Amino acid sequence: METKSALDIKNYYSYDEYKHIVFKLAEEGKNSGEPTAERIAATNINAQRIKRIDKQCELHADLVALTKNLKSKYEWILITESWCGDGAQSIPVISKIAECNPNIELKLIFRDENLSVMDSFLTNGTRSIPKLIFINKTSNEIIGTWGPRPEAIQNMVTYFKAEFPQADHDELVKNLHLWYARDKTNAIQEEFKSIIRHWE
């Protein structure tokens, strides 16, 4: 099992620090990583998504109970960027889960500042984000990963691409966020129940 010491990580951010960066970038018409008009626009939209999900998301009672009962200490390292739409949908939920137990320390890092870390956790050979790395702090071992999106949402993406091969990227993104809105964070919460049950 790979250990955390093998990861050459630059700067860490708490969730509150990360939000502050995203909100500031949105206000200034900027984005993290390589600047492009598309990513600047996405950062602005994501700032609003984060605020909305922070306010509206309620964790399932059984997920809260499972998380509170974790005895081991964990470090969750979350790779993302300000412009990542899947990140804006998932990170507020992941933060709420981590907050349920003081034994969980959530740290966010920017992908493009940590490409050597990102390249150790590719998804089908791509630098897909968000990517969450779970570390047991007692053993210092990496015990698993999650990302870049809930399996139920990914299945919808796969189906859409197969059924509508002529659809462009913008149409896919529009449908992606409609699926997230209809799901109301249920898919990611169900997946984290399975993850946490497996640990303990």
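Hey, could you check segment 156-186 for residues that are not in a helix (DSSP H, G or I) and not basic (Lys, Arg) and say which is surrounded by the fewest Cβ atoms within 10 Å (Cβ to Cβ)? The selected residue is GLN166.
If you go through segment 113-151 and keep only what is of a type in the set (Val, Ile, Thr) and without any contact (Cβ under 8 Å) to a residue 24 or more places away in the chain, you end up with just THR126.
Within segment 44-74, the residues that satisfy the criterion of being over 19 Å from LYS193 (Cα atoms) and surrounded by fewer than 17 Cβ atoms within 10 Å (Cβ to Cβ) are ILE45, GLN48, LYS51, ARG52, ASP54, LYS55, GLN56.
Filtered by the rule that a residue be within 27 Å of ILE97 (Cα to Cα) and surrounded by 18 or more Cβ atoms within 10 Å (Cβ to Cβ), segment 24-43 gives LEU25, ALA26, ASN31, SER32, ALA42, THR43. Looking across segment 145-165, just one residue is over 14 Å from ALA187 (Cβ atoms) and under 14 Å from the mean Cα position of the chain (by Cα), and that is THR145. For first residues located in segment 91-109 and within 15 Å of ARG52 (Cα to Cα), partners that are among the hydroxyl-bearing types (Ser, Thr, Tyr) and not in a helix (DSSP H, G or I) and lie 6+ apart or on another chain with Cβ distances below 8 Å form the pairs ILE91/THR80; VAL93/THR185.
Whenever a residue of segment 16-37 is without any contact (Cβ under 8 Å) to a residue 60 or more places away in the chain and under 18 Å from GLN89 (Cβ atoms), its partners that are basic (Lys, Arg) and not in a loop (DSSP other than H, G, I, E, B), lying with C-beta atoms within less than 6 angstrom and at least six residues away or across chains, give the pairs ASN31/ARG39. Check segment 143-153 and report whether any residue there is part of a helix (DSSP H, G or I) and either out of contact with any helix residue (DSSP H, G or I) (no Cβ under 7 Å at 6 or more places or on another chain) or among the basic types (Lys, Arg) (or both). Scanning segment 143-153, I find no residue that is part of a helix (DSSP H, G or I) and either out of contact with any helix residue (DSSP H, G or I) (no Cβ under 7 Å at 6 or more places or on another chain) or among the basic types (Lys, Arg) (or both), so the answer is no.
Bear in mind that the values in this text are calculations on the coordinates, not laboratory data. Everything numeric in this text was worked out from a predicted model, so none of it was measured. With ideal geometry, Cβ positions are generated from the backbone for all residues, glycine too; neighbour counts draw on all protein chains shown.
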